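> Below is one structure. I have some questions about it.
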Amino acid sequence: MNKIAYFLLALILLPLTTSCFEDTNWEKYKEWRDVQDEWLNQELKKTNADGTPFYEPVVASFDKNMIVYMHYYGDRDANRDNLVPLYTSTVGVKYHGRYYNDEPFDSSYSRTDSIANFTVNGVITGWSVALLNMHVGDSVKVIIPYNAAYGESGYQTIPPYATLIFQMKLKDIVKYEAK
(Lines give C-alpha, C1' and ligand atoms only; values in the text may rest on other atoms or scores of the structure.)
Protein backbone atom coordinates (compact mmCIF):
# COMPACT_ATOMS: atom_id res chain seq x y z
CA MET A 1 0.00 0.00 0.00
CA ASN A 2 1.19 3.47 -0.68
CA LYS A 3 1.16 6.38 1.78
CA ILE A 4 -2.11 7.83 0.43
CA ALA A 5 -3.92 4.53 0.95
CA TYR A 6 -2.66 4.32 4.57
CA PHE A 7 -3.68 7.91 5.16
CA LEU A 8 -7.21 7.29 3.81
CA LEU A 9 -7.53 4.12 5.87
CA ALA A 10 -6.48 6.03 9.00
CA LEU A 11 -9.07 8.73 8.26
CA ILE A 12 -11.76 6.08 7.97
CA LEU A 13 -10.76 4.19 11.13
CA LEU A 14 -10.07 7.20 13.36
CA PRO A 15 -13.76 8.11 13.99
CA LEU A 16 -14.54 4.48 14.73
CA THR A 17 -11.87 4.20 17.41
CA THR A 18 -12.54 7.55 19.07
CA SER A 19 -16.29 6.98 19.21
CA CYS A 20 -15.67 4.04 21.56
CA PHE A 21 -14.38 6.46 24.20
CA GLU A 22 -16.94 9.22 23.87
CA ASP A 23 -19.65 9.84 26.49
CA THR A 24 -22.86 8.59 24.91
CA ASN A 25 -26.45 9.68 25.40
CA TRP A 26 -27.04 6.32 27.06
CA GLU A 27 -24.78 7.23 29.99
CA LYS A 28 -25.68 10.92 29.96
CA TYR A 29 -29.40 10.11 30.39
CA LYS A 30 -29.02 7.16 32.77
CA GLU A 31 -30.72 8.87 35.73
CA TRP A 32 -33.57 10.12 33.46
CA ARG A 33 -34.08 6.59 32.10
CA ASP A 34 -33.96 5.02 35.55
CA VAL A 35 -36.56 7.41 36.99
CA GLN A 36 -38.89 6.82 34.05
CA ASP A 37 -38.41 3.05 34.20
CA GLU A 38 -39.33 3.05 37.89
CA TRP A 39 -42.38 5.24 37.16
CA LEU A 40 -43.45 2.91 34.32
CA ASN A 41 -43.06 -0.19 36.50
CA GLN A 42 -45.27 1.40 39.17
CA GLU A 43 -47.81 2.61 36.61
CA LEU A 44 -48.14 -0.85 35.05
CA LYS A 45 -49.01 -2.30 38.47
CA LYS A 46 -52.24 -0.25 38.56
CA THR A 47 -55.50 -2.17 38.46
CA ASN A 48 -59.12 -1.33 37.79
CA ALA A 49 -61.74 -1.60 40.55
CA ASP A 50 -62.44 -5.20 39.49
CA GLY A 51 -58.74 -6.15 39.83
CA THR A 52 -57.97 -6.34 36.11
CA PRO A 53 -54.87 -4.51 34.83
CA PHE A 54 -55.45 -0.80 34.17
CA TYR A 55 -53.26 -0.86 31.06
CA GLU A 56 -53.42 -3.24 28.15
CA PRO A 57 -50.08 -3.94 26.46
CA VAL A 58 -50.53 -3.51 22.71
CA VAL A 59 -47.88 -4.93 20.38
CA ALA A 60 -47.42 -3.48 16.91
CA SER A 61 -48.44 -5.97 14.24
CA PHE A 62 -45.54 -4.75 12.09
CA ASP A 63 -42.82 -4.90 14.79
CA LYS A 64 -43.07 -7.21 17.80
CA ASN A 65 -40.55 -5.05 19.71
CA MET A 66 -42.87 -2.04 19.69
CA ILE A 67 -45.21 -2.11 22.67
CA VAL A 68 -47.43 0.65 24.00
CA TYR A 69 -49.70 0.51 27.03
CA MET A 70 -53.29 1.63 26.56
CA HIS A 71 -56.19 2.30 28.88
CA TYR A 72 -59.55 2.78 27.17
CA TYR A 73 -62.03 5.16 28.76
CA GLY A 74 -65.78 4.65 28.60
CA ASP A 75 -67.71 1.79 27.10
CA ARG A 76 -65.74 0.35 24.18
CA ASP A 77 -68.84 -1.50 23.00
CA ALA A 78 -70.44 1.84 22.14
CA ASN A 79 -67.77 2.37 19.45
CA ARG A 80 -67.03 -1.21 18.38
CA ASP A 81 -68.92 -0.82 15.08
CA ASN A 82 -67.22 2.48 14.27
CA LEU A 83 -64.44 2.75 11.73
CA VAL A 84 -60.83 1.82 12.48
CA PRO A 85 -58.08 3.70 10.62
CA LEU A 86 -55.72 2.05 8.19
CA TYR A 87 -51.97 2.65 8.25
CA THR A 88 -52.37 5.17 5.40
CA SER A 89 -55.45 6.93 6.82
CA THR A 90 -55.55 10.57 7.81
CA VAL A 91 -57.20 10.90 11.21
CA GLY A 92 -58.56 13.73 13.33
CA VAL A 93 -57.33 13.49 16.91
CA LYS A 94 -57.65 15.53 20.10
CA TYR A 95 -54.74 14.99 22.47
CA HIS A 96 -52.66 16.13 25.42
CA GLY A 97 -49.02 15.00 25.63
CA ARG A 98 -46.95 14.96 28.80
CA TYR A 99 -43.94 13.33 30.41
CA TYR A 100 -43.99 10.81 33.26
CA ASN A 101 -43.87 13.68 35.81
CA ASP A 102 -47.04 15.31 34.37
CA GLU A 103 -45.07 18.08 32.67
CA PRO A 104 -46.93 18.91 29.43
CA PHE A 105 -45.06 19.17 26.15
CA ASP A 106 -47.80 19.37 23.50
CA SER A 107 -51.56 19.60 23.14
CA SER A 108 -54.00 19.98 20.28
CA TYR A 109 -56.15 21.98 22.68
CA SER A 110 -53.62 24.82 22.65
CA ARG A 111 -54.37 25.45 18.96
CA THR A 112 -57.30 27.32 17.48
CA ASP A 113 -58.64 24.10 15.95
CA SER A 114 -58.36 21.53 18.75
CA ILE A 115 -58.63 18.60 16.32
CA ALA A 116 -55.25 17.84 14.77
CA ASN A 117 -55.07 15.87 11.53
CA PHE A 118 -52.28 13.32 11.05
CA THR A 119 -51.59 10.39 8.79
CA VAL A 120 -51.26 7.24 10.85
CA ASN A 121 -47.99 6.35 9.11
CA GLY A 122 -46.62 9.88 9.56
CA VAL A 123 -46.44 9.97 13.37
CA ILE A 124 -44.23 8.29 15.96
CA THR A 125 -44.55 4.52 16.04
CA GLY A 126 -46.34 4.53 19.40
CA TRP A 127 -49.08 6.77 18.01
CA SER A 128 -49.45 4.51 14.97
CA VAL A 129 -49.84 1.47 17.21
CA ALA A 130 -52.42 3.23 19.38
CA LEU A 131 -54.43 4.64 16.47
CA LEU A 132 -54.55 1.30 14.67
CA ASN A 133 -56.13 -0.15 17.83
CA MET A 134 -58.82 2.51 18.21
CA HIS A 135 -62.27 3.01 16.73
CA VAL A 136 -63.61 6.46 15.92
CA GLY A 137 -64.96 7.81 19.21
CA ASP A 138 -62.52 5.92 21.46
CA SER A 139 -60.67 7.83 24.17
CA VAL A 140 -57.47 6.40 25.61
CA LYS A 141 -54.53 7.04 27.83
CA VAL A 142 -51.46 5.64 26.11
CA ILE A 143 -47.96 5.26 27.49
CA ILE A 144 -45.32 5.20 24.78
CA PRO A 145 -41.85 3.98 25.81
CA TYR A 146 -38.93 5.87 24.29
CA ASN A 147 -38.17 3.21 21.66
CA ALA A 148 -41.67 3.72 20.18
CA ALA A 149 -41.40 7.52 20.52
CA TYR A 150 -38.35 9.66 19.69
CA GLY A 151 -35.75 7.13 20.74
CA GLU A 152 -32.17 7.80 21.72
CA SER A 153 -31.94 11.22 20.13
CA GLY A 154 -35.17 12.95 21.15
CA TYR A 155 -36.80 15.62 19.01
CA GLN A 156 -36.87 19.41 19.44
CA THR A 157 -37.87 19.95 23.10
CA ILE A 158 -38.37 16.23 23.81
CA PRO A 159 -35.22 14.80 25.39
CA PRO A 160 -33.65 11.46 24.44
CA TYR A 161 -35.14 8.36 26.06
CA ALA A 162 -38.40 10.12 26.92
CA THR A 163 -41.40 7.98 27.80
CA LEU A 164 -44.45 9.89 26.56
CA ILE A 165 -48.00 9.82 27.91
CA PHE A 166 -50.95 10.89 25.80
CA GLN A 167 -54.64 11.37 26.45
CA MET A 168 -56.10 10.83 22.97
CA LYS A 169 -59.51 10.82 21.38
CA LEU A 170 -59.96 9.57 17.81
CA LYS A 171 -62.54 11.96 16.39
CA ASP A 172 -62.57 11.16 12.70
CA ILE A 173 -61.03 9.41 9.75
CA VAL A 174 -60.67 12.29 7.33
CA LYS A 175 -62.19 11.93 3.86
CA TYR A 176 -63.29 8.38 4.50
CA GLU A 177 -65.99 7.34 2.06
CA ALA A 178 -67.85 4.06 2.19
CA LYS A 179 -67.68 2.37 -1.19
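> All other residues with a Cβ under 14 Å from the Cβ of Tyr55 taken together, and with Lys, Arg as +1 and Asp, Glu as -1, what is their net charge?
Values: positive: Lys45, Lys46, Lys141; negative: Glu43, Glu56.
Overall, the nearby charge balance is +1.
> Now for a separate question. Quickly work out the Arg98-to-Asn82 label distance, labels modelled 7 Å from Cα along the C-beta direction, and quote it in nm with one decimal.
Going from the Asn82 label point to the Arg98 one covers 2.3 nm.
> Still on this structure, please answer the following. Using helices alone, I'd like the mean residue ellipticity at 222 nm for the chain: each DSSP H run of four-plus residues gives -39500 (n - 2.57), total over residue count, nearest 500.
Only helices count here, giving -7000 deg cm²/dmol.
> Check the chain and count each lysine pair with an alpha-carbon distance under 16 angstrom, considering only pairs eight or more places apart or from different chains.
Numbers: Lys45/Lys141; Lys46/Lys141; Lys94/Lys141; Lys94/Lys169; Lys94/Lys171; Lys141/Lys169; Lys141/Lys171.
Qualifying lysine pairs in the chain: 7.
> Report ³J(HN,Hα) in whole Hz for each residue of segment 163-176, in order, from the Karplus equation J = 6.51 cos²θ - 1.76 cosθ + 1.60 where θ = phi - 60°; Gly and Pro get x.
Here the 3J(HN,Hα) series is 7, 10, 10, 10, 9, 10, 9, 7, 8, 6, 10, 5, 6, 6 Hz.
> Oh, and also: For segment 24-179, with every protein chain kept in place, what is the accessible area per residue (1.4 Å probe, Å²)?
Details: 8850 Å² over 156 residues.
With the other protein chains kept in place, segment 24-179 gives 57 Å² per residue.
> Right, here's the next one. So what are the chain's ellipsoid semi-axes, whole angstrom, largest first, if each one is the square root of 5 times an eigenvalue of the alpha-carbon gyration tensor?
On the way: eigenvalues 296, 93, 46 Å².
Square roots of five times the eigenvalues give 38, 22, 15 Å.
> How large, in percent, is the carbon and sulfur part of the accessible surface of the chain at a probe radius of 1.4 Å?
Working: 6040 of 11170 Å².
Heavy-atom surface of the chain belonging to carbon and sulfur, 1.4 Å probe: 54 percent.
The values are calculated or read from the model by the stated rules, or taken from the named source; none is laboratory data. Being a predicted model, the structure only gives us computed values, none of them experimental. Counting neighbours? That spans all protein chains shown, and the Cβs are built from the backbone with ideal geometry, glycine included. Heavy atoms of the whole protein, side chains included, go into the accessibility calculation; ligands, DNA and RNA do not. Shrake-Rupley method; radii C 1.70, N 1.55, O 1.52, S 1.80 Å.
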